[in-house]
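A.B. asks: Mind looking over this structure? Questions follow.
Each value in this text was obtained by applying a stated rule to the coordinates, not by laboratory testing. The structure presented is a predicted model; accordingly, all values stated were derived computationally and were not measured. Note that we place each Cβ from the backbone using ideal geometry, even for glycine, and neighbour counts take in every protein chain shown.
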Amino acid sequence: MFVDEATIRVRGGRGGGGVIHFMASRHNPRGGPDGGNGAAGGSVVLVASASMSTLYSFRNRPLFDADNGGSGGENNRAGARGEDRVVHVPVGTVVRDEDAGEILADLALVGDEVLVARGGEGGRGNSSFASPARTTPRLCERGLAGETRTLHLELRLIADVGIIGYPNVGKSSLISAISGKRAKIADYPFTTLVPNLGVVDVDGRHQFVAVDVPGLIDGAHAGRGLGDRFLRHVERTRVLVHLVDLAALDGRDPVEDLARINAELIAFNPALAGRPQVVAGNKCDLLQEAETEALRAKFTRAGIDLLPISVATMRGVRELVVRAYRALEEERSKDVVAPSASRRRVYRFDGETGFEVSHAADAFVVSGRSIENAVRKLVLTTRDAPDYLTDRLERMGALKELRRIGYQDGDPLRIGEVRVDLSL
Ligand SMILES: Nc1nc2c(ncn2[C@@H]2O[C@H](COP(=O)(O)OP(=O)(O)O)[C@@H](O)[C@H]2O)c(=O)[nH]1
Ligand SMILES: [Mg+2]
């Protein structure tokens, strides 16, 4: 069964905290700082995998969380990095941040990956804060929480082969006959608009996805019978199986049927003229062999190689699958980049280091990604924290800017949302 949408939650691991510790040694009997750093938490990464074909396993809004980073230890021992959590999703999954609505990635190729929740940074231990001016730092940082997100996943199953032809030629019957897994039409909200997808097995090792494209009638390209919606599915396929009805009782000419459907395709998008077509004449179980041969000869005269089939008796159906697969392989061999060779990281972080000062009603405020991050981590109650923070604000130029807008020592100050007191 195909499920084409799911919601999942992801959470990066929390970073481990740094520690304050002093170690006495023969050279330094009063004890040098040796509190180690905490490690970053693991991140959550989605990877497009050929072994998954549905989003079914995500139907209950599962939470995927990565491991937390370990805390630092004495003797400058760093914590262990939190393991990343790798979540496999089917190729063709489009990943969207549900709250922001923004598309994070389109995992179109095998191996494509996207980092969806970054692990929190680890905090530094006191040995990292040692300097000639601060030889016994009582200062450390805590680890930060990992990012949390709710993601909306949408699987765009891209059909390789489109089955086209007039209504009643046997398209739906064919796709049922050749595909194992079938999209359950009932799972889709707009049943009539969603074509029937199926995974077709060629020889036990090779598969392709076929789509039964309904709604192709005269005038479809201009929107008649919603035909233009269906034609959009045809555009995405690489090979077409064009079915005609050899036993049409109402005196229709199958050669002409073929030409008229093709004219609809080209009117919709001229590029479709170049799409390879495997032409099959269905329902030959209703004809005498001589009639079938006569029709085949008629197609041959029109320059078309017709494969007579019968979905009812399965005559020629296997051969049709093989022909479609060969045409598909031929198309794929024209691809410049081998899809399996690709491994792209789709997500990028912004490394914003700027800051801004302002005078809010309750306090002066410094905002900026990097400084806010530093303050969220710092354990503010440690002895040397205010000193360290003052240094840092000085070095980045924020104190100067604060004074320019009227800040004086002792005035209430916030860095982002965090109240800080530099005068302790
Ligand atoms: N005799 C015969 N009838 C067929 C064959 N294939 C399909 N049909 C019948 O043709 C009708 C239309 O088939 P369907 O698959 O719904 O056509 P679609 O509109 O192209 O999807 C149905 O009644 C099928 O049972 C065939 O090979 N032989
Ligand atoms: Mg049908």
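A.B. asks: Taking a virtual spin label 7 Å from the Cα of Asp411 along the C-beta vector, which residues in region 358-372 bring their backbone nitrogen under 17 Å of it?
C.D. replies: Answer for region 358-372: 358-367.
A.B. asks: Could you tell me which of Ile103, Thr7, His21 has its Cα farthest along the dipole of region 5-155 towards the positive end, charges placed at Cβ (Lys, Arg +1; Asp, Glu -1), taken about the Cα centre?
C.D. replies: The listed residue farthest towards the positive side: His21.
A.B. asks: Let's test the formula: R0 of 25 Å, r as the Cβ-Cβ distance of Arg156 and Ile217. What FRET efficiency results, to the nearest 0.05?
C.D. replies: 0.45
A.B. asks: Using only Cα atoms, tell me the angle between helix 385-396 and the longest principal axis of the chain; keep it within 0 to 90° and round to the nearest 10.
C.D. replies: The two axes meet at around 60 degrees.
A.B. asks: Give me the one-decimal nm value for the distance between modelled label points at Met23 and Arg403, 7 Å along each residue's Cα-to-Cβ direction.
C.D. replies: Taking the simple label geometry, Met23 and Arg403 are separated by 4.0 nm.
A.B. asks: At each listed q (0.06 Å⁻¹), what is the log10 of I(q)/I(0) that the Debye formula gives for the chain modelled as equal alpha-carbon point scatterers?
C.D. replies: Log-scaled intensity ratios, in q order: -0.45.
A.B. asks: Estimate the FRET efficiency between Ala363 and Arg395 by the formula 1/(1 + (r/R0)^6), using the beta-carbon distance for r and 25 Å for R0, to the nearest 0.05.
C.D. replies: That gives a FRET efficiency of 0.70.
A.B. asks: Calculate the radius of gyration of the Cα atoms of region 356-420 to one decimal place, then report Dmax, the largest Cα-Cα distance, as a whole number, both in Å.
C.D. replies: Every Cα atom of region 356-420 included, Rg and Dmax give 10.9, 29 Å.
A.B. asks: May I pose another question? Express in nm, to one decimal, how much length is gained between Arg134 and Arg260 on full extension, taking 0.36 nm for each residue of separation and deducting their alpha carbon distance.
C.D. replies: Taking 0.36 nm per residue and subtracting the Cα distance, the gain is 36.8 nm.
A.B. asks: Counting only DSSP beta bridges with both residues in the chain, what percent are antiparallel, rounded to the nearest 5?
C.D. replies: 60
A.B. asks: So how do 99-109, 116-126, 210-220 stack up, highest first, on mean other-Cβ count within 10 Å?
C.D. replies: 116-126, 210-220, 99-109
A.B. asks: For the chain, find the longest principal axis of its Cα atoms and tell me its angle to the long axis of helix 227-236, 0 to 90°, nearest 10.
C.D. replies: 70
A.B. asks: Still on this structure: Would you mind checking the tilt of helix 317-332 against the longest principal axis of the Cα atoms of the chain, expressed as 0 to 90 degrees and rounded to 10?
C.D. replies: Computed tilt is about 50 degrees.
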